[in-house]
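Take a look at the structure set out below.
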Ligand code: HEM
């Protein structure tokens, strides 16, 4: 009985980990690239990028099965992991213990941010189709407000940190980085990736401003 609960938890944890990378992490990177195209102007963004995406057949099904459901699973099971998390922020003052907790806190931050972000773009777009036609102007209206700009910047940084620190922990839990040296090198790589993705995200946000 105990073994079967243990096996189920092990399997769910692996699934949680896998979904964090693919498709959720993959989608995050694609999404940041997509928004970096705002730099090339409203027509390019609305017609070549968003217009092309919206023309994909069965888009809603792709969004539900390849983005929403894996993200929902990752978020719900992430909350289960968070609830069972043990440890102490202060007792072990080293960096990876702090990052262990920041991984969990950033998960909650991302969840709240995504509810707002998806509400303001995808859900609102169902009632106001103009938003879907001219997403560039809609994002511009939001980001021109300094408070909303800061909110989006926080959402971006939390998501990038969460993905990149997650890549670091993932390599340990999947047995890919077993030595201290391998973990150290992989850590530098993950933090470099965080810098690059953060820069790409900020670059895209600035592209919406007039
Ligand atoms: C942009 C959205 C997200 C991405 C790209 C993402 C990605 C990842 C990745 C790659 C990992 C590492 C998995 C591992 O260590 O094996 C991870 C871990 C984690 N995620 Fe997410 N995640 C996202 C959203 C969320 C949300 C909304 C929550 C909900 C609170 C959450 C909670 C967690 C938790 C608690 C962990 C740590 C698991 C552990 O240490 O075993 N994540 N995430």
**Q.** Those residues of region 162-189 which are within 21 Å of residue 105 (Cα to Cα) and near the ligand (Cβ under 10 Å from one of its atoms), in sequence order
**A.** 162, 163, 164, 165, 166, 167, 168, 169, 170, 171, 172, 173
(Q) Can you name every one of the helices (runs of 4 or more DSSP H) wholly within region 1-120 that holds 3 or more residues which are buried (at least 16 other Cβ atoms within 10 Å of the Cβ)? (A) 2-19, 26-36, 69-84, 95-118
Q: Evaluate the following for residue 209: is it in contact (Cβ under 8 Å) with a residue 24 or more places away in the chain and either out of contact with any helix residue (DSSP H, G or I) (no Cβ under 8 Å at 6 or more places or on another chain) or not in a helix (DSSP H, G or I) (or both)?
A: yes
(Q) If a residue must be in contact with a helix residue (DSSP H, G or I) (Cβ under 8 Å, 6 or more places away or on another chain) and not in a helix (DSSP H, G or I), how many such residues does region 140-162 contain? (A) 0
(Q) Being away from the ligand (no atom under 12 Å from the Cβ) and out of contact with any strand residue (DSSP E or B) (no Cβ under 9 Å at 6 or more places or on another chain): is that true of residue 150 here? (A) yes
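All of the numbers you see were taken from the coordinates with simple rules; none came from a lab. Because the structure is predicted, anything quoted here is derived from the model rather than measured. Neighbour counts are summed over all protein chains in view; Cβ atoms, including those assigned to glycine, are modelled from backbone coordinates with ideal geometry.
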